[in-house]
Each structure stands twice: as C-alpha cells, then as structure tokens.
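Structure first, then comments.
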Amino acid sequence: MPEGFEKTFIPRKSIDPMQTGLRIKHTLDTFLSASILFIALILSIAAALFVSHLYVEGQIKTVQGNIEQLSQKFDPVVVGTIAKLDAQVSGAEAIIASHTSIDKIFAFLDESTVAKVSIQKIDFVSNPKDGVVMVLSGKASSYNTLAYQDSVYTKKKDQVSDVVFSDIKPNEDGLIDFVATLTFTPNAFISNHTAL
C-alpha cells in the first residue's frame with residue numbers, strides 16, 4: 001500500500017464532545033441573537049407604521065372638519081356664479097390663443113412684392129390646419145421681373161410653402177399678365193395673442 005494512505009476511516013485522534021457542543025451552542029447563540037434583532041426591527045417598523053396611520057387619520061379628520069366649516073361660510077349661488085365665470089374666461093382664452101389673422105399675410109405681400117409687379121386681385125381660402133391659399137392676379141413689367149418675383153416668394157420658406165405661377169401671357173399694354181397661387185404656412189397667419 002502506498003505511503004500516506006490509512007487502512008481505516010476511524011480517526012486516530014478522538015473528537016472532544018465538549019468542543020463540538022460549544023461550537024453548536026455558539027452557532028445557536030449567534031442565530032438566536034440575529035433573530036431577536038430582526039424581530040425587534042420588524043416590531044419597531046410596525047409600531048412606526050401604526051403611529052403614522054393614526055396621525056394621517058387625525059389629519060384627514062381635521063381637514064374634513066375645516067372643509068365643512070368653510071363650505072358653510074360660502075354661498076352656493078356665489079360659488080356657482082364664480083365657476084361659470086371661470087369657464088367663460090377659459091373659453092375666451094382658448095379662442096384668443098387660436099385666433100387667426102391675415103394681417104401678417106398682407107404685410108408679407110407688401111414687403112415681398114417686387115416694385116415692377118402690380119397685384120390686381122386677391123382671392124384666398126383659409127384653413128388653419130393646412131395654411132392659407134391665396135390666388136393673386138396681376139401684371140409684371142417683363143418675364144424677368146416675374147421670374148425675380150417667383151424667386152423672392154420661394155425664398156420665404158418659413159412663410160410660403162408653395163408658389164405656382166400660371167396663365168402667364170403678354171397683354172395689349174406690353175405687360176405680362178399672370179396668376180400666382182401662394183400657399184402660406186399656418187404660422188404665417190396665426191396671431192400669438194395672450195389673454196389678459
């Protein structure tokens with residue numbers, strides 16, 4: 001048999017029963033102490049929750065009493081009138097916030113129309129969601145002037161989303177008749193009023 005191997009599984013040293021018992025008792029003492037601490041923690045949390053529950057219930061009763069006292073002091077007719085007035089003011093604020101005005105479009109036309117272009121007639125259809133479509137009938141001094149007018153309108157992308165010139169033809173006065181259809185973006189005509 002090779003060296004270092006024992007022929008038996010019985011240990012040569014005997015196990016001291018006192019040492020084993022102390023080890024088990026020490027383990028039980030540690031477990032018992034941890035359990036007692038855990039139970040004490042749970043009980044203290046439960047007590048804190050109970051006390052806070054009582055406090056909240058007391059506060060609720062106090063607030064309910066205050067509400068009842070205040071509601072007895074106010075006249076229901078006056079409160080109803082104030083509520084109606086508040087609803088009317090809210091409605092007016094909504095109308096003012098969504099107010100549309102074509103003043104900005106006329107200012108745009110005044111600023112952006114080339115000097116040698118004359119607008120004779122304006123027709124428009126307003127749709128706050130899609131924008132304002134305006135049809136301008138007019139006269140220009142030349143084709144070059146009309147091309148320049150197209151480039152001026154087209155450069156204003158923040159206000160005009162589409163520009164189409166049609167029915168371009170010379171007239172008997174030597175001017176160029178045209179029809180221009182401009183589609184304005186919604187922000188070009190929505191007024192940003194604030195409620196008072």
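Any read-out appearing in this document is the output of simple, stated calculations on the displayed coordinates, not a laboratory observation. Predicted, not measured: the structure shown is a model, and the values here were computed from it. When we count neighbours, we look across all protein chains shown, and the Cβ atoms used for this are built from the backbone with ideal geometry, even at glycine.
Structural remarks
- Spacing of the two label points (7 Å from each Cα toward its C-beta) at VAL63 and SER161, in nm: 4.8
- Legend: calculated FRET efficiency, THR30 to PHE50, from the Cβ-Cβ distance at R0 = 35 Å, rounded to 0.05, equals 0.70.
- Under 5 Å between amide hydrogens, built in the peptide plane, is the criterion, and for VAL160 it picks out THR185 among residues at least 5 positions away or on other chains.
- Counted residue by residue at 0.36 nm each, then reduced by the alpha carbon distance between them, the extension gain from SER126 to LEU43 reaches 22.7 nm.
- Two-site label geometry, PHE106 and GLU172: point separation in nm, points 7 Å out along Cα→Cβ: 3.3
- Along the axis of the charge dipole computed for region 36-103 (Cβ charges of +1 for Lys and Arg, -1 for Asp and Glu, origin at the Cα centre), the listed residues PRO76, THR62, LEU49 are led at the positive end by LEU49.
- Computed Kirkwood radius, in angstrom, where 1/r is averaged over Cα pairs of region 103-188: 13.0
- Taking the number of Cβ atoms within 10 Å of each Cβ as an exposure proxy, the fewest-first ranking of SER141, SER33 is SER33, SER141.
- A simple spin-label model places pseudo-atoms 7 Å from Cα toward Cβ; at LYS73 and ALA147 they are separated by 8.0 nm.
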